[in-house]
Amino acid sequence: MLENSLVGKNILHYKIIEQLGQGGMGVVYKAEDTKLKREVAIKFLPGLVAVNKEQRKRFTVEAQAAASLNHQNISTIYSIEETHDQIFIVMEYIEGEELKSFISSGISSGERITRLSSQGLNDIINYAVQIADGLEAAHNKGIVHRDIKSQNIMITKDGKAKIMDFGLAKIREGNQLTQMGTTIGTIAYMSPEQASGIDVDYRSDIFSFGVVLYELITGKLPFRGDYDQVIIYSILNDEPDLTILKQQNCPLQLIDIISKCLEKNQKTRYQSTAQLSSDLKMIQKILLGGIKLSFFENVKALIKSIKIRKRTVYITALSILIFAAIIPLAGGKNIFFSIFSTSGTSAENHLLILPLNIVGGDATRQAFSDGLVETLSSNLTQIERFQSSLWVVPSSEVVQNKIKSISEAHKMFGVNLVVTGSLQFMNNLLRLTLNLVDAKNLRQLNSSIIDIKSEEISSTQDKAVIQLLQMLHIEMEPQLKDIMDAGKTTVPKAYEYYVQGRGNLQRYENLENIDQAINFFELAAGSDKNYTMAYAGLGEAYWRKYEITKKPEFAEFAMTKAKKAFKLDSLLAPINVTLGMIYSGTGNHTLAIETFKRALAIEPSDAAALRGLAKAYESSGDISEAESTFKRAIKLKPDYWAGYNDLGVFYYKHSRYEDAISQFKEVIRLTPDNYKGYNNVGGIYYLLERWGEARVMFEHSLKIRESYSIYSNLGTLYYIEGRFEDAASTYNRALELNSSNYLTWGNLAAAYNAIPDKKEKAVETYKHAIEMAEGQLKINPNDSEIISNLAAYNADIGNGKKALNLLTRSLKIAPDDIQVFYRAATIYEHLGNREKALLWIGKAIENGYSKSEIEHQPELKDLVADARYKKISENYSVSKY
C-alpha cells in the first residue's frame with residue numbers, strides 16, 4: 001500500500017505534495033505536474049489489489065469513462081498513467097471543501113436547526129441544480145456514478161459544485177465488472193436496488209442525489225441505523241421522514257422533488273435526470289427573481305378517507321370523462337362499457353373555440369396556446385347572463401372530446417358558430433389571429449388580427465374578448481368589464497405563467513402535466529403574490545394530483561391553496577367551485593353545498609358549479625335536491641345537451657333506466673350526429689337485456705365515429721350473447737384505439753378463455769392484464785377494485801394461493817363492496833370450492849348484484865345449475881341491480 005512517504009517524491013513528471021485522502025478504490029494525492037506547471041490530483045490503485053486483474057480492469061474502465069466527460073460540474077480527468085507496478089489517474093485538483101463539510105458546519109452553527117434562510121435555500125438549490133446538471137451530462141453518455149454522496153461532491157471557493165470520483169462508474173451497455181450480489185457505494189446513500197445487490201441504472205444515482213439533497217436541508221440522512229444491515233433494512237422498507245423538511249420550512253415543491261427522488265420503486269422515481277434538473281431550475285427561477293416560495297402550513301385536520309360503495313358503475317379518471325360501467329364476467333373478468341357524462345350544445349348563437357394553430361409549430365408554446373383558449377372561453381361564458389341568445393362550450397369539453405375541426409364541433413355539439421385562429425410569436429410581439437366561422441356551411445363570417453407587445457401580454461385576454469364581442473356584434477356591458485377584471489394580474493410574467501398552467505391542467509389525467517401546471521402556477525403566484533386565480537389554479541392542480549396518487553398531503557396542499565385564493569377574493573365563482581370540489585372530495589358535503597351555492601349566487605349559469613352542487617347533494621344522500629339541481633341546469637339552457645346527459649347519468653346510477661333513456665334520447669334529438677347519445681341509450685338497453693336494440697345503438701354510434709369505449713361496449717354484448725370470437729375481435733379493435741386500460745385486456749382474455757383453441761392465448765393476455773394492473777396499483781395501493789381484479793386474474797392462470805391472498809386483502813379494504821363479493825364467488829368457483837362460491841354469490845345477490853349478469857356468465861354455468869344457487873336466487877326475487 002502507498003504510504004505518506006511518497007510525499008516530496010517524483011513519480012514520472014509528477015511531484016507528490018501531500019496526501020488528500022484514501023478510500024476503498026484508491027489513495028489520492030495532491031501533486032504538481034512539472035511539465036505543464038499546474039496542480040493536479042492523482043489517484044493510485046491500492047497496492048493490495050493492484051495485482052488483481054479484475055480490479056485493474058475496473059480502474060482502467062473508470063478512467064476511460066470519466067475522461068469522456070467534459071462538464072463544469074464534473075471533476076476533469078487529464079490522463080491515466082502506469083509506472084512500475086502502479087496505475088494512477090491524473091485529474092483536476094479542486095480547492096474547496098467537501099459538501100459533507102459544508103453540511104456539518106451548518107449543523108454546528110445551528111443554521112438548520114431553526115429555519116432555512118432565504119440565502120441558505122438559494123445556495124442549496126444552486127448546488128442541487130449544478131449537481132443535477134453534472135449527473136445529466138454523465139447519464140447522457142451512458143455513465144452511472146453509483147457512489148453519489150456528500151463526500152464525493154466538492155464546493156469550490158467560487159461556489160461551483162463538482163462531482164468527484166467516478167471510481168464506481170459503470171458503462172450501462174458495457175461489461176459488468178461487478179459480480180452479482182456485491183454492493184458498491186456508500187451504504188447510507190444507496191438506492192434500494194443497489195442495497196439489494198442487483199443491477200442499477202441512472203435512476204440509482206437519482207435516488208442517491210435525493211439522499212444528498214435531504215441531507216443538505218436537514219443535516220441528517222433519511223435512512224439511518226447503528227449497523228449496516230439496519231441501514232439497508234431502512235432503505236428497503238422505511239419511508240423517509242418528510243416532516244423534518246416541513247419543520248425547516250422547506251418549499252413544498254422541493255419536498256415533492258426529494259420525495260420523488262427517494263421513491264423505492266424505480267418506475268415511480270424521476271425517469272430522467274433532465275426532468276429532475278428542469279424541476280429544480282423552475283424553483284431556482286423563483287428565487288433568482290427575488291420571489292418568496294410558498295411553504296407548508298401546519299396541518300390542522302386530517303383528510304377524511306371516504307369509502308365509496310362500488311356498484312357496476314364508476315366514474316373514470318380518463319381524459320374523456322366518462323361514466324364507465326364495469327360488467328364483471330366469470331372469474332372476475334370485467335366488460336367495460338361507457339355512459340358518457342361530457343357536455344355538448346345546439347341552437348343559434350352557440351359558440352365553440354377550437355385549439356389555436358401555432359405558426360412555426362413551436363411545441364413549447366402549446367401550453368400557453370391551450371391556456372389562452374380556456375381563459376377566452378371562460379370569459380365569454382360570463383357574458384351568457386347578459387346575452388340569453390349566446391352560450392359557449394367550455395374548452396375543457398373541447399379537449400376531452402378531442403375536437404379539432406369545425407365539422408367535428410358541429411356534429412358533436414351542434415354549434416352554429418366556431419372560432420378558429422392562430423398564434424405567432426415574433427421577437428417581442430405576439431400576433432393572435434381570430435376567425436368566426438358559420439359551422440353549418442363552413443363560411444367565414446369575420447376575422448381579426450391582434451398584435452400585442454411582450455410587455456403588454458397580460459392584456460391579451462381582454463383584447464381578444466373585446467375583439468370577439470365585436471365580431472359577434474355584442475356590446476361590452478360596463479358591469480361585465482368589472483366582472484372580467486376580477487382576480488386578474490397586471491404583471492406580464494405572472495399572466496404568462498398562469499396561462500401556461502391552465503394549458504397544462506387541461507390534460508390532468510397525466511401526472512407530468514399536473515406537475516408542470518403546479519410549476520407554472522407557483523411561478524405566477526410568486527410573480528404576483530395577490531394573483532387570486534394563480535392560487536385557485538394551484539388548489540385545483542394539487543387536487544387533481546391527489547385524485548391520481550391518493551396521497552393525503554396533496555389534498556392538504558389543495559385545500560391550503562384554495563383557501564388562500566378564497567381569502568384574497570371570495571367573490572369569484574371559479575374559486576368557490578374549486579373549493580367546493582375539494583370539500584366534496586374530502587367528504588365535507590355540507591360545506592361543499594354551501595360553497596357551490598355561493599358560486600351560483602355569483603354566476604348563476606356556471607355549469608361546473610351546478611354539476612358540483614348536484615353531486616354534493618347526491619353524495620350527502622339528498623337525492624331529491626340532486627335531481628332538482630340537474631333539472632335546474634336544463635332549465636337554464638334547454639337546448640344544451642349536457643344537462644339532459646347529466647340527468648340521464650343520474651337516473652342511470654339510481655337504476656331509473658326508463659327515465660335515463662328519455663334523457664339520452666333528448667341528447668340525440670338536440671344533436672343527431674352525437675355518437676355518445678346513441679352509445680348511452682345502447683348502454684341502458686343492455687342493462688334492460690334489450691340486447692338487439694342495444695346492438696343497433698352501438699353499431700349506429702360507431703358509424704358516426706369509431707370509439708374505444710363503444711367497441712368495448714359491443715364486445716360486452718357479444719360476450720354476454722356467447723359470441724366469443726366476435727367479442728375477442730371487437731376487444732382487439734378497442735385496444736387498437738386505446739391499449740392503456742388493463743380491464744379491456746382482462747376482458748379480451750376472458751373472451752379467449754371461452755374459445756377452445758385460444759386457451760394459451762388467454763393465459764398470455766391475462767398475464768399482460770396482471771402486469772398493467774400491478775403497475776396501476778402502485779399509484780394507489782389500497783384500490784380494492786384493482787386488487788380484486790388481480791385476484792381473479794391470478795385464479796384464472798392457476799395462481800390460487802396468490803389469488804386468495806389478494807382476495808383477503810381486497811375484502812379487508814372494502815368489506816361491503818358487492819363487486820368484491822362477486823369476484824370472491826368466481827374465484828372460489830374457479831378453485832373448486834363450491835361451498836364458498838355459493839356463500840359469496842349469495843352475499844352479492846343479497847346486496848343488489850344483478851342475477852341476470854351472473855346467469856349469463858359461461859364460466860358460472862355449473863354454479864348456476866346447482867340447486868343451491870336456485871334456492872339463493874329465489875330468496876331474492878327482485879334484483880336491486
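The values are calculated or read from the model by the stated rules, or taken from the named source; none is laboratory data. The structure presented is a predicted model; accordingly, all values stated were derived computationally and were not measured. Quick reminder, even Gly has a Cβ in these numbers, built from the backbone with ideal geometry, and neighbours come from all protein chains shown. Side chains are part of the model used for accessible areas, which takes the heavy atoms of the whole protein and leaves out ligands, DNA and RNA. Shrake-Rupley method; radii C 1.70, N 1.55, O 1.52, S 1.80 Å.
Listed values, structure above:
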item: Test: residue in the stretch 210-222 that is without any contact (Cβ under 8 Å) to a residue 60 or more places away in the chain and out of contact with any Leu (no Cβ under 8 Å at 6 or more places or on another chain); result: yes
item: Residues satisfying the stated conditions in the stretch 623-651, i.e. of a type outside the set (Ser, Thr, Tyr) and open to solvent by 40 Å² or more (accessible area, probe 1.4 Å); result: 623, 625, 631, 632, 635, 636, 638, 639
item: Test result for residue 367, in contact with a Gly (Cβ under 8 Å, 6 or more places away or on another chain), of a type in the set (Gly, Ala, Ser) and either open to solvent by 10 Å² or more (accessible area, probe 1.4 Å) or under 30 Å from residue 635 (Cα atoms) (or both); result: yes
item: Filter result (among the hydroxyl-bearing types (Ser, Thr, Tyr) and under 16 Å from residue 415 (Cα atoms)) within the stretch 636-658; result: 640
item: Set 445, 468, 430: member being under 36 Å from the mean Cα position of the chain (by Cα), part of a strand (DSSP E or B) and either within 18 Å of residue 494 (Cα to Cα) or touching a residue at least 24 places away in the same chain (Cβ under 8 Å) (or both); result: 430
item: Counted residues, the stretch 77-86 - those being farther than 11 Å from residue 45 by Cβ, open to solvent by 70 Å² or more (accessible area, probe 1.4 Å) and part of a strand (DSSP E or B); result: 1
item: Residue 501 vs. criteria surrounded by 20 or more Cβ atoms within 10 Å (Cβ to Cβ), touching a residue at least 12 places away in the same chain (Cβ under 8 Å), closer than 19 Å to residue 253 by Cβ and touching a helix residue (DSSP H, G or I) at 6+ places or on another chain (Cβ under 7 Å); result: yes
item: Selected residue (criterion: surrounded by the most Cβ atoms within 10 Å (Cβ to Cβ)) from residues of the stretch 827-854 that are at pLDDT below 85 and part of a helix (DSSP H, G or I); result: 853
item: Inter-residue pairs, beta-carbon under 9 Å, first within 16 Å of residue 594 (Cβ to Cβ) and in the stretch 617-632, second open to solvent by less than 30 Å² (accessible area, probe 1.4 Å) and part of a loop (DSSP other than H, G, I, E, B), 6+ apart; result: 619/587
item: Any hit, the stretch 608-622, residues being open to solvent by 30 Å² or more (accessible area, probe 1.4 Å) and at positive phi; result: yes
item: Residue 458 vs. criteria assigned to a helix (DSSP H, G or I), within 25 Å of residue 396 (Cα to Cα), touching a residue at least 24 places away in the same chain (Cβ under 8 Å) and under 33 Å from the mean Cα position of the chain (by Cα); result: yes
item: Residue list for the stretch 267-284, restricted to those being part of a helix (DSSP H, G or I) and surrounded by fewer than 18 Cβ atoms within 10 Å (Cβ to Cβ); result: 267, 268, 274, 275, 278, 281, 284
item: Residues satisfying the stated conditions in the stretch 855-881, i.e. at pLDDT below 90 and open to solvent by less than 10 Å² (accessible area, probe 1.4 Å); result: 857, 860
item: Looking only at the stretch 237-255, and only at residues there that are open to solvent by less than 20 Å² (accessible area, probe 1.4 Å) and of a type in the set (A, V, I, L, M, F, W, C), the one that is nearest to residue 223 (Cα to Cα); result: 245
item: Residue selected from the stretch 5-22 under the condition in contact with a Lys or Arg (Cβ under 6 Å, 6 or more places away or on another chain) and open to solvent by 40 Å² or more (accessible area, probe 1.4 Å), by the criterion farthest from residue 95 (Cα to Cα); result: 13
item: Residue tally, condition without any contact (Cβ under 8 Å) to a residue 24 or more places away in the chain and among the aliphatic types (A, V, I, L, M), over the stretch 787-810; result: 3
item: Every pair of residues 6+ apart whose Cβ atoms lie under 6 Å, when the first sits in the stretch 704-726 and is within 14 Å of residue 748 (Cα to Cα) while the second is open to solvent by 50 Å² or more (accessible area, probe 1.4 Å); result: 708/737; 711/733; 717/695; 718/726; 720/856
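Results for (1) hydroxyl-bearing (Ser, Thr, Tyr); (2) modelled with pLDDT of 95 or more; (3) touching a helix residue (DSSP H, G or I) at 6+ places or on another chain (Cβ under 8 Å), shown as yes or no for each residue.
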| position | (1), (2), (3) |
| --- | --- |
| 753 | no, no, yes |
| 757 | no, no, no |
| 773 | no, no, yes |
| 779 | no, no, yes |
| 788 | yes, no, yes |
| 807 | no, no, yes |
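Residues checked against (1) in contact with a strand residue (DSSP E or B) (Cβ under 7 Å, 6 or more places away or on another chain); (2) within 27 Å of residue 618 (Cβ to Cβ); (3) modelled with pLDDT of 95 or more; (4) open to solvent by 30 Å² or more (accessible area, probe 1.4 Å):
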residue: 512; (1), (2), (3), (4): no, no, no, yes
residue: 519; (1), (2), (3), (4): no, no, no, no
residue: 527; (1), (2), (3), (4): no, no, no, yes
residue: 530; (1), (2), (3), (4): no, no, no, yes
residue: 555; (1), (2), (3), (4): no, yes, no, no
residue: 563; (1), (2), (3), (4): no, yes, no, yes
residue: 568; (1), (2), (3), (4): no, no, no, yes
residue: 572; (1), (2), (3), (4): no, yes, no, no
residue: 577; (1), (2), (3), (4): no, yes, no, no
